[in-house]
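Here the structure is laid out as structure tokens; the discussion comes afterwards.
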Amino acid sequence: MVVRVRTPLRISFAGGGTDVAPFPELEGGAVLSATIDRFVYGTLRPRTDDRVVVASCGGPDFASAAVRRLGRGGYHVDLRCAVPPGSGLGSSSATTVALVGAVREHFGLAWSAQDVARLAYRIEREDLGIAGGSQDHYATAFGGFNFIEFGHDVVVRPLSVPPSVVDRLAAGLLLCFTGVTRDSALIIRDQTARVTGR
């Protein structure tokens, strides 16, 4: 059976960077964010062997990380993103969440949104060694408006925002692509150095 998934990208209103270690463990962090109507799209097709093939919209080799972390093979996943990597909308994390979500559906696993976000975080941050925080994984796995708290655990508090407020907010925001992307790992390293004093 072919599995199709889509995961939304996100914008942050406040608290960006408070999810990056070691800040949440030392001080506690919180982010107010919302997902938007731009997505990472994933299609998973079963294979007749145990191999994993991932065609990704940018970034490192997700296939080997997926096999190591998820422990299951026998599929091909195509991942396509509506924005270029480095756009500042959490596209790499949304890509990882799409991969984990597709695998969950393919194998019929009873993983919650929290489980998917946690696994995606571990694949991207621990297995692939990409510097960054965890807000993007949780924002895209849960979707919608969320107040997300970071400490020793991550707590997602969905916000019930009336449609009229969403409409006013959307009318007052303009999201533009300038043609310039950035490497968030450089920003993260600088931020971490400032927190640790190294």
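Do we have L174 as touching a residue at least 12 places away in the same chain (Cβ under 8 Å) and not polar (S, T, N, Q) here?
Values: touching a residue at least 12 places away in the same chain (Cβ under 8 Å): no; not polar (S, T, N, Q): yes.
No; evaluated as a whole, the condition is false for this residue.
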Single condition V116 does not satisfy, out of (1) surrounded by 16 or more Cβ atoms within 10 Å (Cβ to Cβ); (2) more than 21 Å from D61 (Cα to Cα) = (2)
Only one of (1) open to solvent by 50 Å² or more (accessible area, probe 1.4 Å); (2) closer than 22 Å to G88 by Cα; (3) in contact (Cβ under 8 Å) with a residue 60 or more places away in the chain fails for I123. Which number is that?
-> (1)
Expected output for segment 2-14 (first residue farther than 10 Å from L32 by Cβ, partner part of a strand (DSSP E or B) and of a type in the set (D, E, K, R), Cβ below 9 Å, 6+ apart or cross-chain) is V2/R45; V3/R45; P8/D37; P8/R38; L9/D37; L9/R38
Hey, A141 modelled with pLDDT under 95, small (G, A, S), within 22 Å of the chain's Cα centre (by Cα) and surrounded by 10 or more Cβ atoms within 10 Å (Cβ to Cβ) or not | no
Can you name the residue in segment 65-109 that is of a type in the set (A, V, I, L, M) and open to solvent by 50 Å² or more (accessible area, probe 1.4 Å) and, of all such residues, is farthest from the chain's Cα centre (by Cα)?
-> V67
Does at least one position in segment 15-38 carry a residue that is of a type in the set (D, E), touching a residue at least 60 places away in the same chain (Cβ under 8 Å) and open to solvent by 30 Å² or more (accessible area, probe 1.4 Å)?
-> yes
Considering residues of segment 39-53 that are crowded, with 18+ Cβ neighbours inside 10 Å and of a type in the set (A, V, I, L, M) only, the residue nearest to F150 (Cα to Cα) | V40
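How many residues are open to solvent by less than 100 Å² (accessible area, probe 1.4 Å) and touching a residue at least 40 places away in the same chain (Cβ under 8 Å) if we restrict to segment 177-198?
From segment 177-198, those open to solvent by less than 100 Å² (accessible area, probe 1.4 Å) are 179, 181, 183-185, 187-188, 190-193, 195-197; that's our starting set.
Still in the running and touching a residue at least 40 places away in the same chain (Cβ under 8 Å): 181, 183-185, 188, 191-192, 195-196.
Residues flagged as open to solvent by less than 100 Å² (accessible area, probe 1.4 Å) and touching a residue at least 40 places away in the same chain (Cβ under 8 Å) within segment 177-198 amount to 9.
Somewhere in segment 144-156, is a residue farther than 18 Å from T18 by Cβ and either out of contact with any helix residue (DSSP H, G or I) (no Cβ under 9 Å at 6 or more places or on another chain) or open to solvent by less than 40 Å² (accessible area, probe 1.4 Å) (or both)? I'd like the intermediate steps shown before the answer.
First, pick out the residues of segment 144-156 that are farther than 18 Å from T18 by Cβ: 144.
Filter again for either out of contact with any helix residue (DSSP H, G or I) (no Cβ under 9 Å at 6 or more places or on another chain) or open to solvent by less than 40 Å² (accessible area, probe 1.4 Å) (or both), leaving 144.
Yes, segment 144-156 contains a residue that is farther than 18 Å from T18 by Cβ and either out of contact with any helix residue (DSSP H, G or I) (no Cβ under 9 Å at 6 or more places or on another chain) or open to solvent by less than 40 Å² (accessible area, probe 1.4 Å) (or both).
The values are calculated or read from the model by the stated rules, or taken from the named source; none is laboratory data. What you see is a predicted model; the values in this text were computed from it and never measured. No Cβ is skipped: glycine too gets one built from the backbone with ideal geometry, and neighbour counts run over all protein chains shown. Please note that ligands, DNA and RNA were not included when accessible areas were found on the heavy atoms of the full protein model with its side chains. Shrake-Rupley method; radii C 1.70, N 1.55, O 1.52, S 1.80 Å.
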